[in-house]
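Pasting a structure below so you can have a look.
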Amino acid sequence: MMKYDNDAKEKFFTNLKLYSSNITEKIESLRSHSIEPSQLKQFSLSVIVICKDEERCIERCLNAINRNIGVNDEVIIIDTGSTDHTLNILNKYRAQSNFFIFEKEWNNDFAEIRNFGIHKASKDWIVFIDADETVENDSFANLKSHLSIIDLLNVEAVCCPAIVNTGGHVVQTVRRIIPNCQSIFYFGAVHEEPRPDDHSELFYLAFEDIVFHHDGYVEAVSTSKEKQKRNMALLYPMIDKEPLSPRWHYLLCRDGKGALNEDFYRDTLLKVITLCGDDELNKEYKVRAVSDLIEFYLGAGDIDQAANNLEMLKELAPHMTDTLYWDILVQVIIFEYNYHQFIQRIIDYKKTHKELDYGSLNSNGFHLDHLLSRLFFNIREYGSSFAILKKLENAQYGEYKAQYEELHKTLKNFLQAGEGNEK
């Protein structure tokens, strides 16, 4: 009986997190067929690292790569004009036969540098790793296993690793792994993406067991490299080149958030939605733009517009965590607005009713004061809340300190734990 090698196939489908909709039929066909061992090819990797002034992290990056590459793989390092100690660190690796170091002038174009690396690569597949990233152990072995399965799909495909940013946020749509076919090259001065020379469809697959850890967007690092200013300067020319592409407009809003004029930011996000239309391939940008508009309108105090965009987001991505988040947050903000209205009603009543219409609860209106205290507490105006409670206790209307002892204990433990972490 012929033995079928389905271990690689099972591993492939277990770790396949995302794939482009235009490849669904081939994926499902592969899922339903057994695979013979003779069908599986072995592939080699050209790992390319681009760096400039990366003395902080380049050695960490290269050591992680070195631990994971195979004997048939190669590492290509391209320095684009370092003035710190990066080149001195790179010199340590020149003696290794599978490490190749090049120096290339930086012309404000990330795609140009990546394509320079592609032309230098000699192995079957190309993997781009940024200098501020480290590859997790076994990632390359996992990749090679998956590539043997991808080969059976008989399509021009690229792969996306799981890029884990500081804080745990994972990005799985960055196309960093491409076949060395010399017909797929990168396009874009920044946030560049691989595109086939013949403009044909490019399929992508994302795997959760190919992991790169990234710390380049830690605030101190990002600020020191002026990444926001750099990215914005490189994105404007991309919009000029492809004015109808929602990608560049959205990325300008994302990278320029907080620096762009508010009206321009809002109008550009609206343009992204229009440019995307109903194109499934651009849905990612439409979803992000709608989500960002909800945040923008909430910040501007325009609840109605936020709610309108929320309804659009529910249609586009009903099961996305962001949709649930905005849905509940909009309701919370409406509740808080109502709290302010309730507070004002009580204050206005007390001002206009100097002689209170006695009720059965309390002839002095202390029950209204108690309610006012609760409302202030719910909108985090704690000083006003506890000032009222102190007045009520002095008037012997209730005992409130006992109610807040547990809160005091919890806050004290929380603050002391924070102080311990700082030490």
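Using only the alpha-carbon atoms, how far is helix 401-422 inclined from the longest principal axis of the chain? Give it as 0 to 90 degrees, nearest 10.
So the inclination is approximately 30 degrees.
What per residue convex hull volume, in Å³, do the alpha-carbon atoms of the chain yield?
Taking only Cα atoms, the chain has a hull volume of 229 Å³ per residue.
Angle between the Cα long axis of helix 139-153 and the longest principal axis of the chain, 0 to 90 degrees, nearest 10?
Rounded to the nearest ten degrees, it is 70.
Also: Going by a ≥ b ≥ c, the root eigenvalues of the Cα gyration tensor, does segment 7-220 fall in the rounded group (a/c under 1.5), the prolate group (a/b larger than b/c) or the oblate group?
prolate
Right, here's the next one. What list do you get for Y382, Y250, Y265, Y349 if you sort them by fewest beta carbons within 10 Å?
Y382, Y349, Y265, Y250
Compute from the Cα atoms of segment 296-423 the Rg and the Dmax, the latter being the longest Cα-Cα distance, and quote both in angstrom.
Cα radius of gyration and Dmax of segment 296-423 are 20.1, 57 Å respectively.
Listing D151, D198, D292 from the residue with the fewest other Cβ atoms within 10 Å to the one with the most, what is the order?
Least to most surrounded, the residues fall as D198, D151, D292.
Quick one: order Y236, Y285, Y19 by neighbouring beta-carbon count within 10 Å, fewest to most.
With the fewest neighbours first, Y236, Y285, Y19 line up as Y236, Y19, Y285.
Further, regarding this structure: Pull out the extension gain between A417 and F187, defined as 0.36 nm times the separation in residues minus the alpha carbon to alpha carbon distance; nm, one decimal.
Full extension from A417 to F187 adds 77.9 nm.
While we're looking at this one, here's another question. Given N residues in segment 97-232, what is Rg(Cα) / (2.2 N^0.38 Å)?
1.08
Find the Cα radius of gyration of segment 353-412, compare it with 2.2 N^0.38 Å by division, and give the number to two decimals.
Normalised by 2.2 N^0.38 Å, the Cα Rg of segment 353-412 equals 1.24.
Further question on the same structure: For a distance above 19 Å, tell me the whole-number percent of Cα pairs in segment 226-329 that qualify.
43
When DSSP beta bridges are limited to those with both residues in the chain, what percentage is antiparallel, rounded to the nearest 5?
Expressed as a percentage, antiparallel bridges in the chain total about 40.
Magnitude of the Cβ-charge dipole of segment 36-111, K/R +1 and D/E -1, about the Cα centre, nearest 20 debye?
Computed about the Cα centre, the dipole is about 260 debye.
For segment 226-329, give the magnitude of the charge dipole about the Cα centre (Cβ charges: +1 Lys/Arg, -1 Asp/Glu; no others), in debye to the nearest 20.
Dipole about the Cα centre, nearest 20: 480 debye.
Right, next: Once phi is turned into θ = phi - 60°, what whole-Hz ³J(HN,Hα) does the Karplus curve with 6.51, -1.76 and 1.60 give for every residue of segment 195-206, x standing for Gly and Pro?
So the Karplus estimates, Gly and Pro as x, are 9, x, 4, 8, 6, 6, 5, 10, 8, 9, 9, 10 Hz.
For segment 1-50, what does the alpha-carbon gyration tensor say about shape, rounded, prolate or oblate, given a ≥ b ≥ c as the root eigenvalues, a/c under 1.5 as rounded, and a/b over b/c as prolate?
Here segment 1-50 falls in the oblate category.
Still on this structure, please answer the following. In deg cm²/dmol and to the nearest 500, what is the mean residue ellipticity at 222 nm of the chain if only DSSP H runs of at least 4 residues count, each as -39500 (n - 2.57), divided by the residue total?
Using -39500 (n - 2.57) per qualifying helix, the result is -16500 deg cm²/dmol.
Can you pick out the pairs among K52/K123; K9/K271; K391/K412 whose Cα atoms lie more than 32 Å from each other?
Those over the limit are K9/K271.
What is the helix-to-structure angle for 262-276, meaning the angle in degrees between its Cα long axis and the longest Cα principal axis of the chain, kept from 0 to 90 and rounded to the nearest 10?
50
Taken together, the values in this text are just the output of simple stated rules run on the coordinates, not laboratory data. Source: prediction; values computed, not measured. In this analysis, Cβ positions are derived from the backbone assuming ideal geometry, glycine residues included, and neighbour counts consider all displayed protein chains.
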